[in-house]
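Input: a single structure, listed below in structure tokens.
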Amino acid sequence: MSVDTILLKGKPVAEAAYERLKPRIAALRGRNVIPGLAVVLVGDDPASAVYVRSKTRAFQNMELVSETYNLPATTTEKELLQLIDRLNDDEHFHGILVQLPLPSQINSQTVLERVLPLKDVDGFHPDSLGRLLAGEPRYIPCTPQGILEILNHYEIPTARRHAVVVGRSTIVGKPMMALLANKWGRGNATVTVCHTSTPDIAAHTRQADLLIIASGQPHLVTREMVSEGVDIVDVGVNRVPDDSPKGYHLEGDVATDDMLGLAHAITPVPGGVGPMTVAMLVSNTVLAAEISSGAAS
Ligand code: GUN
């Protein structure tokens with residue numbers, strides 16, 4: 001039997017999220033508050049530069065403040081911490097984002113922990129992650145939050161289903177696991193987490209009703225590894241070298257074409273999760289501005 005696989009495109013979901021933010025931004029403007037984000041980019045990783053540009057463009061489109069601090073790859077941890085301290089004290093910035101990965105001479109955890117919890121719009125500070133686990137979230141990491149919005153928009157259920165998450169990063173896998181297992185919100189799933197030490201990932205992915213893949217390995221998941229009717233969220237954005245003028249193309253962690261006619265629904269790459277990560281960053285920054293100006297409910 002063949003099914004018409006639904007493409008879970010992120011753009012309409014992101015547009016709906018921006019529309020919902022507009023009255024909140026207008027209310028802040030009425031109090032002379034314009035949500036502001038400081039973006040810190042260290043080094044010249046080309047993928048990071050693309051991500052940062054798409055984030056700052058979204059802030060421009062919404063007529064919000066965003067400023068990018070571009071530091072050389074040789075920046076020391078001490079220099080970066082000094083910049084974070086300065087941004088923590090700067091009231092124009094309600095949120096601070098340190099683009100990852102950082103160069104190897106810098107301890108990422110030390111840097112992430114230096115960001116004031118109230119300005120941690122990426123949701124990577126232990127304060128944000130602890131609140132999430134405690135069931136009292138403030139800033140939910142943008143990609144998992146965006147994934148929940150996609151599931152919500154396309155009415156993909158999570159409750160009482162078996163969700164399999166592949167990848168255990170702080171950026172996606174771990175917060176995703178917490179959100180899906182939660183009793184509140186769009187949770188109530190039974191969650192399995194697979195990672196690089198899982199001996200037979202396919203044995204787990206075949207059991208999934210809902211599959212969230214954030215492994216960073218192009219086309220890790222193929223047709224033989226899933227069951228018919230599965231809902232798939234592909235978080236992978238892998239640059240695969242080719243002969244095109246650009247020299248590469250983007251591939252997800254899932255072989256999307258493999259899944260057509262088999263999966264119930266799948267997010268495309270690009271155009272699936274990516275736009276949502278950016279929209280949730282804007283959303284978290286608006287929330288940060290509301291909290292710091294006393295407007296949050
Ligand atoms: N690198 C890859 N994804 C992310 C993200 O969501 N936030 C930051 N700061 N860095 C990233």
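The values are calculated or read from the model by the stated rules, or taken from the named source; none is laboratory data. Since we're looking at a predicted model, the values are computed, not measured. When we count neighbours, we look across all protein chains shown, and the Cβ atoms used for this are built from the backbone with ideal geometry, even at glycine. Ligands, DNA and RNA are excluded from the accessible area calculation, which covers all protein heavy atoms including side chains. Shrake-Rupley method; radii C 1.70, N 1.55, O 1.52, S 1.80 Å.
Need one number: % antiparallel among DSSP beta bridges in the stretch 194-297, to the nearest 5.
The antiparallel proportion sits near 35 percent.
For the chain, give me the percentage of DSSP beta bridges that are antiparallel, rounded to the nearest 5 percent.
Roughly 10 percent of the DSSP beta bridges within the chain come out antiparallel.
Taking a ≥ b ≥ c as the square roots of the Cα gyration tensor eigenvalues, with a/c under 1.5 meaning rounded and otherwise prolate when a/b beats b/c, else oblate, which class fits the stretch 94-202? Numbers along the way, then the final one.
Details: a/c = 2.21, a/b = 1.39, b/c = 1.59.
Taking the square roots of the gyration eigenvalues as a ≥ b ≥ c, the stretch 94-202 is oblate.
Are any of the pairs Lys22/Lys246; Lys9/Lys183; Lys78/Lys183 more than 30 Å apart by Cα-Cα distance, and if so, which?
Those over the limit are Lys22/Lys246; Lys78/Lys183.
Can you tell me how much longer the chain between Thr110 and Asp200 gets when fully stretched, taken as 0.36 nm per residue apart minus their C-alpha distance, in nm with one decimal? Don't skip to the end; give the middle numbers.
Numbers: separation 90, 0.36 × 90 = 32.40 nm, distance 3.41 nm.
Answer, rounded to one decimal: 29.0 nm.
Using a 1.4 Å probe on the protein chains only, how many percent of the accessible area of the stretch 30-142 belongs to carbon and sulfur?
Details: 2740 of 5550 Å².
Roughly 49 percent, rounded to a whole number.
State whether the stretch 130-194 is rounded, prolate or oblate according to the following rule on the C-alpha gyration tensor (a ≥ b ≥ c being the square roots of its eigenvalues): a/c under 1.5 gives rounded; otherwise a/b larger than b/c gives prolate, and the remaining case gives oblate.
Working: a/c = 1.31, a/b = 1.15, b/c = 1.14.
Verdict is rounded for the stretch 130-194.
Could you give the DSSP H helices of the chain that reach 27 angstrom or more along their long axis (alpha carbon positions) and whose average Kyte-Doolittle hydropathy is no lower than 0.5?
Helix filter hits for the chain: 274-292.
Would you list the P(r) distribution for the stretch 169-297, with all Cα-Cα distances sorted into 5 Å bins from 0 and each bin expressed as a whole %?
Percent of pairs per bin, in order: 2, 10, 16, 20, 19, 14, 9, 6, 4, 2, 0.
Under the rule a/c < 1.5 gives rounded, and otherwise a/b versus b/c splits prolate from oblate, where does the stretch 19-108 land using the Cα gyration tensor?
Since a/c reaches 1.5 but b/c is at least a/b, the shape of the stretch 19-108 is classed as oblate.
Within the chain, which is the longest segment that contains none of the GluC sites (Glu not before Pro) sitting in a DSSP loop with at most 16 other Cβ atoms within 10 Å?
156-227
Using 7 Å Cα-to-Cβ label points, what is the Glu91/Thr68 separation (nm, one decimal)?
2.9
Counting Lys +1, Arg +1, Asp -1, Glu -1, what net charge surrounds Thr267 among other residues with beta carbon under 11 Å of its beta carbon?
That sum, taken over residues with Cβ under 11 Å, equals -2.
When only DSSP loop residues count, what trypsin sites (Lys or Arg not before Pro) in the stretch 178-286 have their Cβ near at most 15 other Cβ atoms within 10 Å?
Numbers: sites: Lys183, Arg186, Arg206, Arg223, Arg239, Lys246; in loops: Lys183, Arg186, Arg206, Lys246.
Loop-located and lightly packed - Lys183, Arg206, Lys246.
Less than 12 Å Cβ to Cβ from Leu64, Lys/Arg counted +1 and Asp/Glu -1: what total charge do the surrounding residues give?
Result for the neighbourhood of Leu64: +3.
Give me the accessible area per residue for the chain, probe 1.4 Å, as a whole number in Å². List each step's numbers first, then the result.
Numbers: 13960 Å² over 297 residues.
With all protein chains present, the chain gives 47 Å² per residue.
Which distance in Å, rounded to a whole number, links the C-alpha centroids of the stretch 270-293 and the stretch 97-150?
Measuring centre to centre over Cα atoms gives 12 Å.
What does the charge count around Val52 come to, taking other residues whose C-beta lies under 14 Å from its C-beta (Lys +1, Arg +1, Asp -1, Glu -1)? Write down the numbers at each step before the final one.
Values: positive: Arg53, Lys55, Arg57; negative: Asp44, Asp45, Glu67, Asp122.
Neighbourhood net charge equals -1.
Once fully extended, how much extra length lies between Gln207 and Arg29, figured as 0.36 nm per residue of separation less the alpha-carbon to alpha-carbon distance?
Between Gln207 and Arg29, full extension yields an extra 59.2 nm.
Would you mind working out the magnitude of the charge dipole of the chain relative to its Cα centre, with +1 at each Lys and Arg C-beta and -1 at each Asp and Glu C-beta, to the nearest 20 Debye?
Roughly 700 debye for the chain.
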